[in-house]
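Note sheet for the following structure.
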Amino acid sequence: MGSAERAGADAGAGAGAAAGRTGAAASAAGPATGGGGLRARLRTQVGALALDIALAVPAGRCVALAGPSGAGKTTVLRALAGLLTPAEGRIDCGGDTWLDRDRGIALAPERRGCGYLFQDYALFGHLSVWRNVAYGLRELPRRERRARALALLERFGVAALADRRPGGLSGGERQRVALARALAPRPRALLLDEPLSALDARSRGRAARELARLLAELEVPALLVTHDFAEAALLGDEVAVLDGGRIVQRGTAAELAARPASGFVADFTGAAVLTGQVRAGGAQDAAGAPTVIALDGGGEVRSTDAGEGAVAVSVHPWEVALEPPGAPAGGSASNRLAAEVVSVTAVGNRVRVGLALPQPLTAEVTEASVARLELAPGARVLAVWKAAATRVTPR
Amino acid sequence: MSRARRLWFPALLFAALAVAAAFLVLPVLAIFLQTSPGRLLDSLGDASAREALRLSLVTTAIAIAVVVVVGTPAAYLLSTRRFRGRALLATLLELPLVLPPAVAGIGLLAALGPQGLLGGLLDELGIALVLQTAGVVVALVFVSAPFHLRAAQSAFAAVDRRWLEASRTLGAGEARTFARVAVPAALPGLAAGLALAWGRALGEFGATLMFAGSFRGITQTVPLAIYDRFATDFDGALALSAVLVAVSAALLLSVKLLARDGALDGLR
């Protein structure tokens, strides 16, 4: 459906999918707002959190706003939806201004047409599933509402639940009903607050894939909030890392993992983060000698990144290989550190091995290597990885 | 030995409940045990008793309608908005709960009586309350409203705030959110408040007596009629009491049954 519209939006041609609601105001917005997309600049204080962000989401794209709890993720969504009015800022969507504190504009939530998927889905417990979905269809004649709600439920594979109450549904079913409800009024932007966190581990994988497909088909801007980098990487076309009310880095998930701007981002992308001091080769001299970092607590690490002074060193678990102690050096891996195994945890067909350098480090290895190296807590091993897989960020 | 040691606390709990139940149920039971069915029917045949019963039902119904129509949105505001002095205001609104009925009656006279604060204004508007049926309604509203206000506030406070927010993001304004989400979701609690307030209004005696007096057919509700007979016709008072207990119990029971989850689906 609507691939032409999507192409139009991608080309910046106009409000595409957003037309229909209050499109008349489109001419009032300057060229800065961009066609069809969501653009926001927010500054506000909520309790101890000082939120100060600017972000833009093109139509048909999904930006994942990722960060730890307390970073201000949900506050951003609430401000966009109009459930919270920031002290300063401006929000434009599809050519309409939703908020402009300087001009005293603050549209009520019901006039923004913003689909909002709440963390626990917030389905109305006193209404049946189809009435939940039909709740936002007030513009339709009464007779057509049920048919439209059923069609949406059908699309999400939960039409059989139409007459049930939300109280009796599983987490996955609730999530689909909530998505159907949020999309029913044809929102001009979709906001998703931790869409998978209320699901158990078993249904999460499938729900994530379905959601990724839905987001790919969506013609309006989508902003998704998550505390989980893997989820952000799967669902977001782009990931913005939020910490302490500010966006500290944004880019594709691959970019963030490969070139984290800080130890915080590296840690967030799932890398193990070690602290240390640069000892030599700080500016990465012409000869291309690697930077040598002395780790706090002992050990030495080499990296192809430049750095000086106190730094954070990060490496992803899948880059770290384990060898028996005293194994001869070979290959291109220039980091070889003696470590003690602290924990061995199977995750799917991989095994996560917690190590003490003494600083904590995680390696992800195969079941075969666990057996070969007889890995168990207390065992001594060599943790081996390449200088090129080692990121150095200021601390 | 160890078994006795384990059981002493549950036994204590059961004993406490048995004492409470016996003490609270006995007087109510006694009313029915001391009244023969024939006497009960006789008292219903009595014109003054029928008048009192009719007056009680009409005045409490009007009073409860006023309490629900005004009190429900007021309670919603109190439980969903944070503003300066909110806690103080909520406490002031509950004050009539702890006022002795006689004090409530004096207060109503001082405010709305002929010599009261608003007496002159009411007189100019041609509104007479004292010694009138309208005065009974005023007294009933005053003493029963706090029960509904309190129950409605906690009922609204228990509604998931995100339901209200979800309703807004789905295009419903504040009024529609109130009518379609907040009230239906809080309905069991609201009904409990209504039942409490109605029960209190049916039993109201002191404030009505002081503010509206006790005139047959005009202001003499069932509790006043019971008191009127008590000195001269104890059996008659007893029979009328039985009627009042039965009516109150039937009202409370039907409201509770209606409010049980699912029973009001037709209204949603």
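The values are calculated or read from the model by the stated rules, or taken from the named source; none is laboratory data. All figures in this text were calculated on a predicted structure; none of them were measured in a lab. Virtual Cβ from ideal backbone geometry, glycine too; neighbours counted across all protein chains shown.
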Item to check | Evaluation of B:VAL136 against (1) buried (at least 22 other Cβ atoms within 10 Å of the Cβ); (2) outside any helix (DSSP H, G or I); (3) more than 14 Å from every other protein chain (Cβ to nearest Cβ) (one fails), failing number | outcome: (2)
Checklist entry - Picking from A:ARG165, A:ARG174, which residue would you name as being touching a Phe, Trp or Tyr at 6+ places or on another chain (Cβ under 7 Å), within 16 Å of A:ASP120 (Cα to Cα) and within 13 Å of another protein chain (Cβ to nearest Cβ)? => result A:ARG174
Checklist outcome for this item: Checked segment A:197-232 for anything of a type in the set (A, V, I, L, M), at pLDDT 90 or above and not in a strand (DSSP E or B); matches are A:LEU211, A:ALA212, A:LEU214, A:LEU215, A:ALA216, A:LEU218, A:VAL220, A:ALA232
Next on the checklist: Condition check: at positive phi and out of contact with any Leu (no Cβ under 9 Å at 6 or more places or on another chain). Does B:LEU194 satisfy that?
Outcome noted: no
Next on the checklist: So A:LEU211 passes all but one of these: (1) within 14 Å of another protein chain (Cβ to nearest Cβ); (2) in contact with a Pro (Cβ under 7 Å, 6 or more places away or on another chain). Which condition number does it fail?
Outcome noted: (1)
Item to check | Lone unmet requirement of (1) surrounded by 11 or more Cβ atoms within 10 Å (Cβ to Cβ); (2) within 25 Å of B:ALA242 (Cβ to Cβ) for B:LEU24 | outcome: (1)
Checklist entry - Applying the selection to segment B:75-98, what residues are within 30 Å of B:GLY213 (Cα to Cα) and touching a residue at least 12 places away in the same chain (Cβ under 8 Å)? => result B:LEU93, B:GLU94, B:LEU95, B:PRO96, B:LEU97
Checklist entry - Quick one: in segment B:233-267, which of the residues that are within 14 Å of another protein chain (Cβ to nearest Cβ) and surrounded by 15 or more Cβ atoms within 10 Å (Cβ to Cβ) is modelled with the lowest pLDDT? => result B:LEU264
Item to check | Qualifying positions in segment A:37-89 - touching a helix residue (DSSP H, G or I) at 6+ places or on another chain (Cβ under 8 Å), among the small types (Gly, Ala, Ser) and without any contact (Cβ under 8 Å) to a residue 40 or more places away in the chain | outcome: A:GLY82
Item to check | Scope segment A:262-285; condition crowded, with 16+ Cβ neighbours inside 10 Å, over 25 Å from A:ARG204 (Cα atoms) and not polar (S, T, N, Q); matching residues | outcome: A:GLY263, A:PHE264, A:VAL273, A:LEU274, A:GLY276, A:VAL278, A:GLY281, A:GLY282
Checklist entry - Counting residues that are free of Cβ contacts under 8 Å to residues at least 40 places away in the same chain, which strands (runs of 3 or more DSSP E) fully inside segment A:285-395 reach at least 1? => result A:291-295, A:300-303, A:335-347, A:350-356, A:360-366
Checklist outcome for this item: In the set B:ALA186, B:ALA172, B:ALA182, the lone residue that is within 14 Å of chain A (Cβ to nearest Cβ) and not in a helix (DSSP H, G or I) is B:ALA172
Checklist entry - Quick check: anything in segment A:128-135 aromatic (Phe, Trp, Tyr) and either more than 10 Å from chain B (Cβ to nearest Cβ) or surrounded by fewer than 16 Cβ atoms within 10 Å (Cβ to Cβ) (or both)? => result yes
Item to check | Subset of segment B:144-169 (residues that are at the interface with chain A (Cβ under 8 Å from one of its Cβ atoms) and in a helix (DSSP H, G or I)) | outcome: B:ARG162, B:TRP163, B:GLU165, B:ALA166, B:SER167, B:ARG168, B:THR169
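To keep it simple, each residue is scored yes or no on (1) within 11 Å of chain B (Cβ to nearest Cβ); (2) without any contact (Cβ under 8 Å) to a residue 12 or more places away in the chain; (3) not basic (Lys, Arg).
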residue	(1), (2), (3)
A:GLY95	no, no, yes
A:ASP100	no, yes, yes
A:PRO109	yes, no, yes
A:PHE124	yes, no, yes
Checklist entry - Quick one: how many residues across segment A:141-171 are in a helix (DSSP H, G or I) and among the acidic types (Asp, Glu)? => result 2
Checklist entry - Which pairs do you get when a residue that is more than 11 Å from every other protein chain (Cβ to nearest Cβ) and charged (D, E, K, R), found in segment A:178-195, comes within reach of a residue that is surrounded by 24 or more Cβ atoms within 10 Å (Cβ to Cβ) and in a helix (DSSP H, G or I), reach meaning Cβ atoms under 8 angstrom, with the pair 6+ apart or on two chains? => result A:ARG188/A:ALA18
Item to check | Residue match in segment A:253-273 (condition: closer than 22 Å to A:ALA383 by Cα, in contact with a strand residue (DSSP E or B) (Cβ under 7 Å, 6 or more places away or on another chain) and in a strand (DSSP E or B)) | outcome: yes
Checklist entry - Any residue in segment A:153-176 that is touching a residue at least 60 places away in the same chain (Cβ under 8 Å) and either touching a Gly at 6+ places or on another chain (Cβ under 9 Å) or not small (Gly, Ala, Ser) (or both)? => result no
Item to check | Residue list for segment B:15-39, restricted to those being in a helix (DSSP H, G or I) and at pLDDT below 85 | outcome: B:PRO37, B:GLY38, B:ARG39
Next on the checklist: What's the total number of residues in segment B:73-97 that are closer than 16 Å to B:HIS148 by Cβ and either in a loop (DSSP other than H, G, I, E, B) or within 14 Å of the chain's Cα centre (by Cα) (or both)?
Outcome noted: 3
